[in-house]
Amino acid sequence: MEQPRKYLLLIAFTVLITAALACNLPGALRRGQNQLEPIAVTTEEADQLEDNLEEVADAYDSGKPFTLTVTEAQATSLVTLKLQSIGETRLQNLQIYLRDGKIQVFGDALYEGMTLPINVAARVSASHGNLDLEISEAKVGFFDIPESMLDQFQSQLDQIILEQLSPDASDVVIEDISIANGVMTITGHAR
């Protein structure tokens, strides 16, 4: 029962990992604030997402198809509170937006005494029943992260995803992932 939950939580943690990788980047100029409405962090939203994940795990355990719906407020709250609980202070003011088929993370990274704005976008999709993650954009300030660094980050993310999967988790089939209008919906079933 624990392994499928770990796999389902992987999507939420993928956002966290993407942002954590970005905090190791060298300095750049500060970009203007994003034009999206700020998302408040609340324990209620984080708790709701954890409850939703629990329901999905129960459906999986019962052999039923599942649907997981994640809102921007839930993702932002859960990731921010998880970062705080592990004592991560290098990432601040995270905002996770779910729009136009991608997860986009804005925030500030503390690097050698400087605060650097970050913007990381990833496309997440279902591919042959598995989670497929592709970093489509990564910026520090006004500067794009070079393709060679993106390739390295993508390789690290792929390795982290592979490490999270176990033989039990491979029994989870992700049928579809849609991201639009502030909501990510994931459907799947047990193999």
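The values are calculated or read from the model by the stated rules, or taken from the named source; none is laboratory data. What you are looking at is a predicted structure, and each value in this text was computed from that prediction instead of being measured. Please note: Cβ atoms are built from the backbone with ideal geometry, for glycine as well, and neighbour counts cover all protein chains shown. What goes into the accessible areas is simple: the full protein's heavy atoms, side chains included, and nothing from ligands, DNA or RNA. Shrake-Rupley method; radii C 1.70, N 1.55, O 1.52, S 1.80 Å.
Anything in the range 168-188 that is at pLDDT 90 or above and over 13 Å from SER127 (Cα atoms)? List them, or say none.
ILE179, ALA180, ASN181, GLY182, VAL183, MET184, THR185
Do you know which residues across the range 67-91 are surrounded by 14 or more Cβ atoms within 10 Å (Cβ to Cβ) and either without any contact (Cβ under 8 Å) to a residue 24 or more places away in the chain or of a type in the set (Asp, Glu) (or both)?
Scanning the range 67-91 gives GLU72, GLU88.
What pairs can you find where one residue is in the range 120-134 and under 15 Å from HIS189 (Cα atoms), the other is surrounded by fewer than 21 Cβ atoms within 10 Å (Cβ to Cβ) and of a type in the set (Asp, Glu), and their Cβ atoms are less than 9 Å apart, with a gap of 6+ or different chains?
Qualifying pairs under 9 Å: ALA126/ASP132; ALA126/GLU175; ALA126/ASP176; GLY129/GLU175.
Scan the range 136-143 and give yes if some residue there is open to solvent by less than 20 Å² (accessible area, probe 1.4 Å), farther than 23 Å from ASP51 by Cα, modelled with pLDDT of 85 or more and part of a strand (DSSP E or B), otherwise no.
yes
Among (1) in contact with a strand residue (DSSP E or B) (Cβ under 7 Å, 6 or more places away or on another chain); (2) without any contact (Cβ under 8 Å) to a residue 40 or more places away in the chain; (3) in a helix (DSSP H, G or I); (4) surrounded by fewer than 23 Cβ atoms within 10 Å (Cβ to Cβ), which single condition is ASP108 missing?
If we test ASP108 against (1) in contact with a strand residue (DSSP E or B) (Cβ under 7 Å, 6 or more places away or on another chain); (2) without any contact (Cβ under 8 Å) to a residue 40 or more places away in the chain; (3) in a helix (DSSP H, G or I); (4) surrounded by fewer than 23 Cβ atoms within 10 Å (Cβ to Cβ), just (3) comes out false.
Identify the residue in the range 77-105 that is part of a strand (DSSP E or B) and among the aliphatic types (A, V, I, L, M) and, among all such residues, is farthest from VAL124 (Cα to Cα).
Only one residue tops the list, namely LEU91.
Looking at the range 92-105 only, could you name the residues that are closer than 18 Å to GLN35 by Cβ and either open to solvent by less than 40 Å² (accessible area, probe 1.4 Å) or of a type in the set (S, T, N, Q) (or both)?
Answer for the range 92-105, where residues must be closer than 18 Å to GLN35 by Cβ and either open to solvent by less than 40 Å² (accessible area, probe 1.4 Å) or of a type in the set (S, T, N, Q) (or both): ASN93, LEU94, GLN95, ILE96, TYR97, LEU98, ILE103, GLN104, VAL105.
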